[in-house]
1. By per-residue mean of other Cβ atoms within 10 Å, what is the highest-first order of 697-709, 177-189, 517-529?
2. Tell me, in nm to one decimal, what length is gained between GLU221 and ARG69 on full extension, where the rule is 0.36 nm per residue of separation less the Cα-Cα distance?
3. May I have the extent of the alpha carbons of region 616-741 along their three principal axes, as whole Å values ordered from largest to smallest?
4. What is the spin-label model distance, in nm, from ASP255 to TRP740 if the labels are put 7 Å beyond Cα along the C-beta direction?
5. Extension gain MET562-HIS520, at 0.36 nm per residue separation less the Cα-Cα distance, in nm?
6. Taking just the C-alpha trace of region 349-547, give me its Rg and Dmax in Å.
7. When SER731, SER384, SER445 are ordered from fewest to most other Cβ atoms inside 10 Å of their Cβ, what list results?
8. Tell me, in nm to one decimal, what length is gained between ALA38 and GLN339 on full extension, where the rule is 0.36 nm per residue of separation less the Cα-Cα distance?
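Computed from the coordinates by the stated procedures, all read-outs in this text should not be read as laboratory data. Fair warning: this is a prediction, and the values are worked out from it, not measured in the lab. Reconstructed Cβ throughout: ideal geometry from the backbone, glycine too, with neighbour counts over all protein chains shown.
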Amino acid sequence: MKRTSLIALLCLVCCFNLIAQNSNNIILREDNIDEVIAAMTNEEKVTLLVGGPGDLVPGAAGYTRAIPRLGIPMTVLADGPAGLRIQPKREGTDQTFYCTGFPTSTLLASSWNPELVETVTTAMGNEVLEYGVDVLLAPGMNLHRNPLCGRNFEYYSEDPLLSGKMAAAYIRGIQKNGVGTSAKHFAANNQETNRLENDARVSNRALRELYLKNFEIAVKEGKPWTVMSSYNKLNGEYTQQKHGLLTTVLRDEWDFDGIVMTDWGVKDNTVKATKAGNDLMEWGNQVEIDRILAAVNDGTISQEELDRNVRNMLQYIVKTPHFKGYKYSNKPDLKAHAQVARKAAEESIILLRNEGNTLPLKGNEKLALYGLTSVDFVGIGTGSGEVNTEHIANMQEAMKSAGFTLDQNLAEFYQHYYAQQEAIQKMERNNRWGYRNIREEAELSARAISLQAQENDVAVYVLGRNAGEGADRVLKDDFELNTTERELLQNLSSAYHALGKKLVVVLNVGGVIETASWKHLVDAIVLPWSPGQEGAYAVADVLTGKVNPSGKLPMSFPMRYMDIPSSKNFPYGQNASGRRGERKDVDFTNYEEDIWVGYRYFQTNNVEVSYPFGYGLSYTTFSYSKPNVKADKDGFTATITVTNTGKVAGREVVELYVAAPSGGLEKPARELKAFAKTKSMAPGESETLTMKVSEYELASFNDEHSAWETASGTYQVMFGASVTDIRATTSFRLNKSQSWEVHDVLGNPKE
Ligand code: GLC
């Protein structure tokens, strides 16, 4: 062959190689994922499935790994449910990176207003976007199975419908910003004790009707980009390895099309998790890459399984601001967001007690403000759900700004006392995980209190509780008041009532506490939960009547802890019941109460509660019209007109409960099937609310048939101001029964 043609041939071969090389180096686009997968090596594929290190956004919880050759960027994942959690200060710049501390999830649920939740998270999601984060690791949405769960402040409710609707609204608001969410912790992560290994043993009916139902609603109506599997086991298998949960139920039955990531850290078996449909190993490391690759090479993980997870990851990545090259400002409008946080807290705060119309106060009274928590206000909670805010308003500043004249000696007493306490707590706080802030209330003598009662017009006592990730609460000095708190309440009640003056309590708590034994001592009780950085101002606005409270309880307050069915098996902390060292089995938890959680139990068994699910007072009153329920092609549509019959503007939440026809499965006396909230109505104004319920939503889960079943017959339809305060009733007849079969893949608690 002539030399020239040889050279030409060589050039041709080189060009071809170059083209082949470039064609291998195709750059990821939204429309060429399959080509990119074909161009990836298995090593590259596996790195995409394991989280990596990063420092782009200091304080972010984790990252996914980049593959620059293919134009695949790393992406950023950060906590948490009450606001973005990143470090507020960074090396090399005096710019700060504070985030807004919004109301916690339990308070948002207390609004019973999904639109409000969506407004809050539209603002929150803007901070996620503008600080350069791609996914917010929220909503936290495990059911409030038991009040002692340390993370309940990050979660919504004891009821799956309320919880699911709130979570779906939360997701929509965040994702409106073009960033993602992570519905967590999937599933049955209802305690912190031994959370890394605890086996939640739950019947299929309780799973389907309660512990999965809220996730089902959130996935179908919120469409989260990601779901976070929980640390714990479910019926003997780690949820992150449970193919039935992560693939069959989540994807095949609920049509979830995002990625599943593990919770952070310790994993029992990354290979099983990959096969089960857990796409991303978070807080990943090289060992996990090696294990997965070895499993691919020896065929334990098939090429299809690997490519399936990689495809899920790429479909997630192309949605992210990082992939789209969004130029984030690092300057979200924190001032505007603070107002959103305050408004949301105002609409969600619950008025539990208001004897003799003690509230609203005039707002210019001489005020004796009691309690360590009046200074050390609990804005959020502890652990990964905390937010690094520039400021958490406290009740002293809020009540002053509302116009009250504070008893200055008392205010200074609590400021000094807090300073001492803070030093002590700082030492405790170093052990971040499992940190539980049992508040040592300051002692005040009866004599001092009686002098204060003479010098002031009204007393407000701010009672606080904090809790958080890594530890469950205890009974003594936590769920129950401690001795100092009890004595203080008693002395305040005696001293102020002796002079015909009022005593108001503000419960600035992360979860349910005991109230039945002391509420008779006080004239009014306001419940803001942990209301975020502006929450103290919202409390002041409620106390002065600037805001008419319209929040309602998303869970029940029992007369005593032992009335709660799950108290029989919820693992106590060390001194939960006062006896040191008593611990229940913590390697597993038998959800032996089955579906009998919260009002489902109390209402069906006529067990008295201190405050019922769905309860909340107002400064005005409402009347309910005769309801109208008419059959649709699927279920029914209910309408009811609510009128403001009082003297001030206000909003009412109407709760629609259904009692199924008797016979067949044993069912709760009534279950929440819909709810709606009026706009703010002036005195005399009315609004007609419309609520729809489908036949599927009326169904109960029959474990024997592995099917949802809606029986034919007559359903009682109740319209309540709470689960016990039914204002109107009608009925609805279903002529034919229906059933929807599902896969029996969740295991059995008995195994
Ligand atoms: C924690 C939490 C989870 C959080 C994650 C990242 O262990 O369980 O809620 O999102 O780690 O911080």
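1. Working: 697-709: 17.3, 177-189: 26.5, 517-529: 21.6.
Going from most to least packed, we get 177-189, 517-529, 697-709.
2. 51.0 nm
3. The Cα atoms of region 616-741 stretch 53, 26, 19 Å along the principal axes, largest first.
4. The modelled label-to-label distance comes out at 1.1 nm.
5. Values: separation 42, 0.36 × 42 = 15.12 nm, distance 2.09 nm.
The span from MET562 to HIS520 would gain 13.0 nm if fully extended.
6. Gyration radius and largest Cα-Cα distance of region 349-547: 15.9, 46 Å.
7. Values: SER731 14, SER384 22, SER445 10.
Least crowded to most crowded, the residues run SER445, SER731, SER384.
8. Details: separation 301, 0.36 × 301 = 108.36 nm, distance 4.96 nm.
Result for the pair: 103.4 nm of gain on full extension.
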